[in-house]
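The values are calculated or read from the model by the stated rules, or taken from the named source; none is laboratory data. It should be emphasised that the depicted structure is a prediction, and the values quoted were computed from it without experimental measurement. Every residue, glycine among them, receives a Cβ derived from its backbone with ideal geometry; neighbour counts consider all protein chains shown.
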């Protein structure tokens, strides 16, 4: 009798978990965040000999300023008028608007990895208008320069997003590689134009129109009695615009016909074709919308924040935004929370590294640990580990 080979099965295997109630998913995410903070505290203690409570205090102060013991009016005044709070909101909104930009494409399962390039090219078109239209007629019509900057940024972002979309729709090219390639082209274009505008070769653009402020986003005029910081005045309109875009995106994805069509295309191209949806048209239209939002974010960074341009204009948010959108399950309202979490913890980690005399790499390590735990918890929300039952 021939000897039978035994099949060795692993003691455990992974199975798809059925949809769990919202509070269990929230509990898993909360445990992941606490675990991330715990591991980060251990790493920080090994490097700085600071207690976990001291580290958490520094994380808080990085976004909200020095903590005050009294919880009365002084506490809230210090929080909502402080420079750090509004700077944190500004970074949150810049990450959020780029996350909103990639959401329609990812919901359609078009893997747009080119948000960085789309933001950069939109910002480059915007700063070009600011650079050349800075005297004569334009000096007395500053608002018109700002409008032209917005139009240029939107057209630039749309162009940079539509090029790979057309190739995808016509020849079914790989959108991930194509959009990544467009990032590098945009980076080199920015470097090239900085060399043109700054002949000294320093590769530093500097602040454009610093004296005339032509093309700068206007500052909000708060009452003097409110004692608002300059950051609050300078970033207010940026923040309001992004919050309005968040509401628009929520309505677009949830209630519009276009939002329904891109969801169908994402679920099944064959089904979309069967019910009469023009898939090529949906791909191009969706990427136009994504490019438009990336262009707006480039405009906000140029006109409302930096008043200049560098190859790092997007602050690396072009890829972090993908994590934000994915963690929020492509829900624009939930992206506000995930953006806050990543910006809050990231600023805290960077601030700790700076205060302790380390370079930014330590802050990046801590941020990476936190994001690793946040992403890892999604595994336990969608899957479970079960023991293999063996016969005999």
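With the condition kept exactly as written, say whether any residue in the stretch 37-49 is modelled with pLDDT under 75, assigned to a loop (DSSP other than H, G, I, E, B), within 22 Å of residue 365 (Cα to Cα) and more than 27 Å from the chain's Cα centre (by Cα). Yes, the stretch 37-49 has at least one match.
Table: residues versus (1) over 14 Å from residue 92 (Cβ atoms); (2) free of Cβ contacts under 8 Å to residues at least 40 places away in the same chain; (3) under 12 Å from the mean Cα position of the chain (by Cα).
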{"site": "296", "(1), (2), (3)": "yes, no, no"}
{"site": "311", "(1), (2), (3)": "yes, no, no"}
{"site": "318", "(1), (2), (3)": "yes, no, yes"}
{"site": "322", "(1), (2), (3)": "yes, no, yes"}
{"site": "330", "(1), (2), (3)": "yes, no, no"}
{"site": "336", "(1), (2), (3)": "no, no, yes"}
{"site": "350", "(1), (2), (3)": "yes, no, no"}
{"site": "354", "(1), (2), (3)": "yes, yes, no"}
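Take the conditions (1) without any contact (Cβ under 8 Å) to a residue 60 or more places away in the chain; (2) part of a loop (DSSP other than H, G, I, E, B); residue 195 misses just one of them, which is (2).
Out of the stretch 210-230, which residues are exposed (fewer than 10 other Cβ atoms within 10 Å of the Cβ) and farther than 27 Å from residue 309 by Cα? If the condition is that a residue be exposed (fewer than 10 other Cβ atoms within 10 Å of the Cβ) and farther than 27 Å from residue 309 by Cα, then 223, 224, 225 are the ones that fit.
Report, by residue number, each residue of the stretch 95-142 that is within 26 Å of residue 176 (Cα to Cα), outside any helix (DSSP H, G or I) and more than 16 Å from the chain's Cα centre (by Cα). Residues satisfying the conditions are 108, 109, 110.
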